[in-house]
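Just so it is clear, none of the values below were taken in a lab; they were calculated from the coordinates. All values derive from a computational prediction rather than experimental measurement. Counting neighbours? That spans all protein chains shown, and the Cβs are built from the backbone with ideal geometry, glycine included.
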Number of protein chains: 2
Amino acid sequence: MSIETTDALTPRWDAAGLITAVATHAVSGEVLMLAHMNADALARTIETGEAWFWSRSRGRLWKKGESSGHVLRVIEARIDCDQDAVWLRVDPAGPACHTGERSCFYRRIEGERLIHGA
Amino acid sequence: MSIETTDALTPRWDAAGLITAVATHAVSGEVLMLAHMNADALARTIETGEAWFWSRSRGRLWKKGESSGHVLRVIEARIDCDQDAVWLRVDPAGPACHTGERSCFYRRIEGERLIHGA
């Protein structure tokens, strides 16, 4: 079976040992945040049902909400065709963005300008 | 103004000159695919209203659907807090995945196994 058809979880880690993870609100479908996972982060996410990531800037594993309390409870986790991206459908305990916004994607692109909000 | 509060589109390209882009179905909210954009791909996407990406495997710019016809018409484009990820809400002209699946995320993760479908 190829990586596209296998029923075995066999992530295709990049050179840094990471895959990309996108979290959406399980009810509204809003994209909340995008981050990265190493093998440990993915394993902990699957085991605990809460989202763990690898922080590239801080160089360490982190549980989303570990300091803010705004954890992401994972309702469903999916993986893409070539197994280098994960989609988490989550129930967020609070704002997903460290800025306090509900989603990190709080600005719309209009040409070269950004419009805050919907 | 910081990168988080500015109203100027100033993407934070990675070492390879790329940002991550996630495309969701504008109506259903389903995550369709995840890919990468360089500056040219982002500019063309904004100008044309159809999704362009940078193929890391092929090392070239590509318009999604250029061969299949399954273009992604962009309803709305948003950017995240640190401007290294773009969220496209799209109207897809056909299956978004090269496998023929509606979405690239056609498998659910259950422990170490993948379940095809919903």
Yes/no for A:Asp14 being over 13 Å from the mean Cα position of the chain (by Cα), of a type in the set (Asp, Glu) and more than 21 Å from B:Met33 (Cβ to Cβ): no
Some residue of region A:54-69 being closer than 24 Å to B:Leu114 by Cα and either touching a Lys or Arg at 6+ places or on another chain (Cβ under 7 Å) or facing another protein chain (nearest Cβ under 9 Å) (or both): no
Residue satisfying condition, being in contact with a helix residue (DSSP H, G or I) (Cβ under 7 Å, 6 or more places away or on another chain) and surrounded by 15 or more Cβ atoms within 10 Å (Cβ to Cβ), within set A:Trp52, A:Trp62: A:Trp52
Test: residue in region B:78-95 that is more than 9 Å from every other protein chain (Cβ to nearest Cβ), farther than 20 Å from A:Glu110 by Cα, without any contact (Cβ under 8 Å) to a residue 12 or more places away in the chain and surrounded by fewer than 22 Cβ atoms within 10 Å (Cβ to Cβ): no
Criterion: closer than 18 Å to A:Val22 by Cα and in contact (Cβ under 8 Å) with a residue 24 or more places away in the chain - qualifying residue of B:Leu42, B:Leu18, B:Leu72: B:Leu18
Conditions (1) free of Cβ contacts under 8 Å to residues at least 40 places away in the same chain; (2) within 14 Å of chain A (Cβ to nearest Cβ); (3) within 11 Å of the chain's Cα centre (by Cα); (4) under 18 Å from A:Gly111 (Cα atoms): number failed by B:Thr48: (3)
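Across region B:17-34, what is the total count of residues that are within 15 Å of the chain's Cα centre (by Cα) and either part of a helix (DSSP H, G or I) or at the interface with another protein chain (Cβ under 9 Å from one of its Cβ atoms) (or both)?
Looking only at that region, the number is 9.
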Number of the condition not met by B:Ile3 [criteria: (1) touching a Ser or Thr at 6+ places or on another chain (Cβ under 8 Å); (2) under 26 Å from A:Ala26 (Cβ atoms); (3) among the β-branched types (Val, Ile, Thr); (4) in a loop (DSSP other than H, G, I, E, B)]: (2)
Per-region count, region B:96-118, residues more than 9 Å from every other protein chain (Cβ to nearest Cβ) and in contact (Cβ under 8 Å) with a residue 40 or more places away in the chain: 2
So B:Leu61, is it of a type in the set (A, V, I, L, M, F, W, C), assigned to a strand (DSSP E or B) and in contact with a Pro (Cβ under 7 Å, 6 or more places away or on another chain): no
